1. Being acidic (Asp, Glu) and surrounded by fewer than 21 Cβ atoms within 10 Å (Cβ to Cβ) is the filter; apply it to region 132-190 and report the residue that is farthest from Lys204 (Cα to Cα).
2. What number goes with the only condition from (1) under 11 Å from the mean Cα position of the chain (by Cα); (2) surrounded by fewer than 17 Cβ atoms within 10 Å (Cβ to Cβ) that Ile206 does not pass?
3. Read through the list (1) outside the structural domain of Thr87 (by TED's automatic domain parsing); (2) over 20 Å from Asp72 (Cα atoms); (3) part of a helix (DSSP H, G or I), then give the number of the only condition that Thr332 fails.
4. Which is within 24 Å of Ala189 (Cβ to Cβ), in the same structural domain as His238 (by TED's automatic domain parsing) and in contact (Cβ under 8 Å) with a residue 24 or more places away in the chain, of Ala62, Ala90?
5. Pull up region 132-155, narrow it to residues that are more than 16 Å from the chain's Cα centre (by Cα) and among the polar types (S, T, N, Q), then point me to the one that is nearest to Thr87 (Cα to Cα).
6. Looking at Thr362, Thr354, Thr337, which one is of a type in the set (Ser, Thr, Tyr), surrounded by fewer than 16 Cβ atoms within 10 Å (Cβ to Cβ) and touching a Leu at 6+ places or on another chain (Cβ under 9 Å)?
7. State all residues of region 195-234 that are closer than 20 Å to Ala173 by Cβ and within 16 Å of the ligand (Cβ to nearest atom); if no residue qualifies, say none.
8. Can you list the strands (runs of 3 or more DSSP E) found entirely within region 170-280 that contain at least 1 residues being touching a Ser or Thr at 6+ places or on another chain (Cβ under 9 Å) and within 22 Å of Ile137 (Cα to Cα)?
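The values are calculated or read from the model by the stated rules, or taken from the named source; none is laboratory data. Every value quoted in this text rests on a predicted model; they were computed, and no experiment measured them. Cβ coordinates were reconstructed from backbone atoms using ideal geometry, including for glycine residues, and neighbour counts include every protein chain displayed.
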Amino acid sequence: MNRFENFCTQFVQSVGKKEGAVSPSIVGSASFAYGDCETGEGIFDGSVKKPLYSRMGNPTSAQLEGILANMDGGVGAVGASSGMAATTLACMSLLKTGDEIISIGGLFGGTYSFFTETLPRFGITTSFFDVDELEAIKNAITDKTKIIFLESVGNPNMRLPDIKTIAKIANDAGVVLMVDNTITPLSIAPLALGADIVVYSTTKIISGNAAALGGAVVFRAINEDEDKFKSSRYEEVHKFIKNMGKMALIANAKKRAMRDFGMSASAYNSYLTMLGIETLPLRMDRIVESVEKIVRGLNERGLHVNHPCLASHPHHERYLNDFANGCGTLFTIDMGTKEKAYKFLNSSKLATITANIGDSRTLALHMASTIYRDFDAPTREFLGITDGLIRVSVGLENPQDIIDDFLNAAK
Ligand SMILES: *Cc1c(COP(=O)(O)O)cnc(C)c1O
């Protein structure tokens, strides 16, 4: 049985319509006419639920937002033009000069440079920790800490966080836990584990076919009786809680980030993403199984592969217990040197050499010469980037074909 059986029903039923055009309609208009002044006023004060202007929300993107919010049990979602736009939107809706971020785990290159190069220009600093440095993480929390940021799977170091325990640390301290769940949609449900905000690049496995750049932020409901957002740490959110109740984080994100930064999702890309998400449970189910087959097959033949399904991986137990539905499409191979890695990649007949992940096709990339080329040696070491490291994102091919091709390329 497909391990994501529930989502199979949910996605196809919420993408297609029962009357008229079955496939979602693309609303291409940037602006929307209000008809009369009173309706216009109502749209601006929020009492009339109609589109205002596409930067603030588009009906096609709103359908995708609803699907993603349901997927994670959130109160709502805000679409964005890319995964980095989603991270930027979520962070900028909560941060101001002087604030601090705690970042845990192996980090996507763009997020790492956002935290180390871009945010410091605005007086926002980030400290970085490995997933298992729990005491140090607790000690690093100050009055200025606004976000604890976590990637559900270390990319490309393949280390797995104990999300529940980290969520408890964040919740005990009254700090927001934001999880980048790009690699593990469906497999991991961050909000159910205690996170507050989930960010996605929908460009990857959610759309699955390299056809549309996109991102989204899913927010949990504000609990109106007692909520960490009511503390003075999140003072700027208070007026949204007062006006919008459980939807406060959506209004906060739209007013304090989307309106002024304008990283809005495009209707056409949201449409393509919905076509992709219909088959996400099927693709995810097949790929997490293929990843294990391929990793075991290559490991048995002596390749230096890294994935927590292997008993030798330090987080193997955590993988079995907390990641029972897999940890996404990635694994890595260390070929020892750059030359050997290049020879492997150039000899493979099936791997597509590209920086993307989560595609229907198997993708692969040499890390040190590409995404991490501008990083100094200590940073590369922290992120687990060795000279011969290749990241592989497994696709829908027959896994035995990939094993045969990779063994041949490694000869
Ligand atoms: C790709 C990726 C991003 C950024 O997404 P874009 O759509 O390329 O902007 C963020 N986080 C992770 C984990 C990613 O893999």
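1. Asp143
2. (2)
3. It fails just one condition, (3).
4. Ala90
5. Taking the candidates together, the pick is Thr145.
6. Thr354
7. Residues satisfying the conditions are Ala195, Ile197, Val198.
8. Where strands (runs of 3 or more DSSP E) fall fully within region 170-280 and carry at least 1 residues being touching a Ser or Thr at 6+ places or on another chain (Cβ under 9 Å) and within 22 Å of Ile137 (Cα to Cα), they are 176-180, 197-201.
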